[in-house]
Amino acid sequence: MIAAPTNQDANAICARDRHLFGPGRKRILSIDGGGVRGVIALAFVERFEALLAEKEGRAIRLCDYFDFIGGTSTGAIVATGLALGYSAAEIRDFYFRLAPRIFRKPFFRLPFWQAKFDAEALRREITGILGDRGLDSTDLQTGLGVMLKRIDAGGAWILTNNPRSKYWDAPSGGSFIGNRHYSLANIVRASTAAPHYFNPQEIPIVEGAPPALFVDGGLTPHNDPSLALLLATVMPCHGIGWSLGADKLTVVSVGTGSYRVRLNARDLRRGSSVTIALRALMQQISENQQLTLSLMSWMGAGGSRWPINSEIGDLVEAEPPFGAQFRFLRYDAKLEADWLDDTLGVSLTSREIARIRRFDDPGAIALLYDIGVRAANVQITKADMESA
C-alpha cells in the first residue's frame, strides 16, 4: 500500500480553488482510456514533466502546473494520481506492479456469465492508494474530472471536484447525496469498469435507495475526455467560467495508442455474435475519439501535427471563422506496423502488434512503455513548453 501525498496547511486547502477560480492563463491535461496501454500516456506525461522541470530549473509537480486534470478509465487513474501530487514516474511504477494483479483470471469463471477479471482485486489496489478520501478531499491539489457511464439509468457522467457544480452539496430535503461525499476510490473504480472485463461499480446517490450502477467511462462519447473537460470549465452552468482564447487557455491531450479496428469477411464468418458486437463497440469508441480530435484540433490553435485521417489531415492550419478558442496539443502513438517502423524505428511482428493493441495484457507493458518513450521524445518539444 502506498500513502498518497498529503498537505493539510492553508495553501493546500486553497489549492483546488486557486486553480479553478484564480486569475491567469489556465491549462487542462486530458488523458484517454486504454487499459494497460495507459503506460503510453504516462511516458508522454513523464516527458512533459521533465521538460517543464528543465525549463523551470526545479522539480515540477503537474498538479501545480495544470489547473484541471481529467481522464477516462485508465486515464482516470493517472489523472487522480497526478491531482494528488504523485509524479508521473511514481504512477508508472504503480502500473507495472498493478497490472499483473488486476488482469489475472479467477480460478473459476463461467464464460459470458461472469466478468473476465476479479473486480475486487482492482478495488483493493485503488483503495490502497486512495483510501477513504472523498471527491472533496483537500489532498487533491488541483481540479479533477473523471468520466463514468451510468448503466442502470443511462447517461454519461463527468464527476469533478468543482465546489460550484450543481450537485456538489446535498439539498436540505436529502433528495440526493452531494457529489462531494462520493468515494474517490469508487469513482475511479467505476470509470475503469469495462463490461465483460469487470463487474459494474455501485455508487450510492440517494440515501436509502439502491445504489446506481456505473461502468467504464470509455463507453460514453468521451474515451478522449478533452472536449468534455473543456466544456466543464467554460460552460456557464458549471460555475467555473474560464475565458476562451489561445492566449488564455491551453488543452494538452494525451492518448494511449490508436489504431483502426478492422473486421474482414473471414472474421464475420468465424466470429461469434458477441465477438462481432465487441468489435463494433471498439470501432464506435475509436470513431468517438476521432470526432473529439477533429473538433478540438479545428477549434484550437494546434502546436502538434496529429492527423485526423487521410482526407482531413492534421488541421493545424485550419482555423475556424470565429478564431482559435484555445491552444491545443495532442500526443499519441499509432499502433500500426508501418507507423511504428517509420516514425519510431520499432519493427514488430503481426503477433506483437496484436498484443500491444489489447488493453488487458500486462505482459505487453514494457514494450508499450518503450513505444511511449520513443513517441514522446519525437513529439514533445521544448517549443511546446513555451506555448503551453
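The values are calculated or read from the model by the stated rules, or taken from the named source; none is laboratory data. Since the structure is predicted, the reported quantities are computational estimates derived from the model, not experimental observations. Reconstructed Cβ throughout: ideal geometry from the backbone, glycine too, with neighbour counts over all protein chains shown. What goes into the accessible areas is simple: the full protein's heavy atoms, side chains included, and nothing from ligands, DNA or RNA. Shrake-Rupley method; radii C 1.70, N 1.55, O 1.52, S 1.80 Å.
Here are labelled values, [x] 29, 54, 17, 0; [y] 28, 60, 11, 0; [z] 21, 49, 27, 2, and one is the computed P(r) over Cα pairs in 20 Å bins from 0, in percent for what I pasted. Which one?
[y]
Please give, to one decimal in nm, the separation of the simple spin-label points placed at residue 96 and residue 172, each 7 Å out from Cα toward the Cβ.
Going by the 7 Å Cα→Cβ label model, 5.6 nm.
Can you list the residues of segment 32-68 with backbone N under 12 Å from a point 7 Å past the Cα of residue 358, pointing along Cα to Cβ?
Flagged as within label range: 36.
Add -39500 (n - 2.57) for each DSSP H run of 4 or more in the chain, then divide by its residues: what number comes out at 222 nm, to the nearest 500 deg cm²/dmol?
So the helix-based figure for the chain works out to -12000 deg cm²/dmol.
Given a Förster radius of 22 Å and the C-beta distance between residue 318 and residue 381 as r, what FRET efficiency does 1/(1 + (r/R0)^6) yield to the nearest 0.05?
Calculated value: 0.55.
Among residues other than residue 220 whose Cβ falls under 14 Å from its Cβ, what is the net charge (Lys/Arg +1, Asp/Glu -1)?
Values: positive: 149, 150; negative: 32, 216, 224, 287.
In short, -2.
Quick one: how many Å² of residue 314 are accessible to a 1.4 Å probe, rounded to 10?
Surface open to solvent at residue 314 totals about 40 Å².
Tell me, what is the per residue accessible area of the chain in Å², probe radius 1.4 Å?
The answer is 45 Å² per residue.
Between residue 310 and residue 342, what is the spin-label point distance in nm, taking each point 7 Å from the Cα along the Cα→C-beta axis?
So the label points at residue 310 and residue 342 sit 1.1 nm apart.
Give the accessible area for residue 215 in Å² (nearest 10); use a 1.4 Å probe, count only protein heavy atoms, and leave out ligands, DNA and RNA.
Surface accessible to solvent at residue 215 totals approximately 10 Å².
Taking loop as defined by DSSP and a crowding limit of 16 other beta carbons within 10 Å, which chymotrypsin sites (Phe, Trp or Tyr not before Pro) in segment 150-199 fit?
Hits after loop and neighbour filter: 167, 176.
Stokes-Einstein diffusion coefficient for segment 147-270 at 20 °C in a medium of 1.002 mPa s, Rh from the Kirkwood formula over Cα pairs: what value in µm²/s?
Reported coefficient: 128 µm²/s.
Probe 1.4 Å, all protein chains in place: accessible area of residue 248 in Å², nearest 10?
About 90 Å², rounded to the nearest 10.
Which one, 331, 362, 234, projects farthest toward the positive side of the charge dipole computed for segment 225-380 from Cβ point charges (K/R +1, D/E -1)?
Going by the charge dipole, the pick is 362.
Going from most exposed to least, what order do 237, 63 have by accessible area with a 1.4 Å probe?
So, going from the largest accessible area down, we get 237, 63.
Let me know the longest stretch in the chain that avoids all GluC sites (Glu not before Pro) found in a DSSP loop with at most 12 other C-beta atoms within 10 Å.
1-206
Loop-only chymotrypsin sites (Phe, Trp or Tyr not before Pro) in segment 275-329, please: DSSP not H, G, I, E or B, and at most 13 other Cβ atoms within 10 Å.
Passing both the DSSP loop test and the Cβ count: 322.
Straight-line reach from residue 149: which aspartates and glutamates fall under 18 Å, measuring Cα to Cα and dropping same-chain residues less than 8 apart?
Filter leaves 32, 202, 216, 224, 287.
Under a Cβ-Cβ cut-off of 9 Å, what is the net charge of the residues other than residue 26 that fall near it, where Lys and Arg count +1 and Asp and Glu count -1?
After counting each charged neighbour, the total is +2.
Residues of segment 28-45 with the amide nitrogen closer than 19 Å to a label point 7 Å from the Cα of residue 279, along Cα-to-Cβ, please.
Within reach of a label on residue 279: no residues.
Determine the dipole magnitude for the chain: charges of +1 sit on the beta-carbon of Lys and Arg, -1 on that of Asp and Glu, nothing else is charged, the reference point is the Cα centre, and the result goes in debye to the nearest 20.
Roughly 800 debye, rounded to the nearest 20.
Using heavy-atom solvent-accessible surface (probe 1.4 Å) with all chains present, what is the largest-first order of 258, 347?
Heavy-atom accessible area, descending, gives 347, 258.
Put a dot 7 Å past each Cα toward the Cβ at residue 50 and residue 266; how far apart are the dots in nm?
4.1
Please sort through the DSSP H helices of the chain and keep those with an alpha-carbon extent of at least 15 Å along the long axis and a Kyte-Doolittle average not below -1.0.
Values: long enough: 10-21 (16 Å, -0.02); 38-56 (27 Å, 0.75); 88-102 (20 Å, 0.03); 119-130 (16 Å, 0.26); 273-299 (39 Å, 0.39); 365-379 (21 Å, 0.91).
The qualifying helices are 10-21, 38-56, 88-102, 119-130, 273-299, 365-379.
Have a look at 130, 192, 66 and report the one farthest towards the positive end of the charge dipole of the chain, computed about the Cα centre with Cβ charges (Lys/Arg +1, Asp/Glu -1).
Farthest towards the positive pole: 192.
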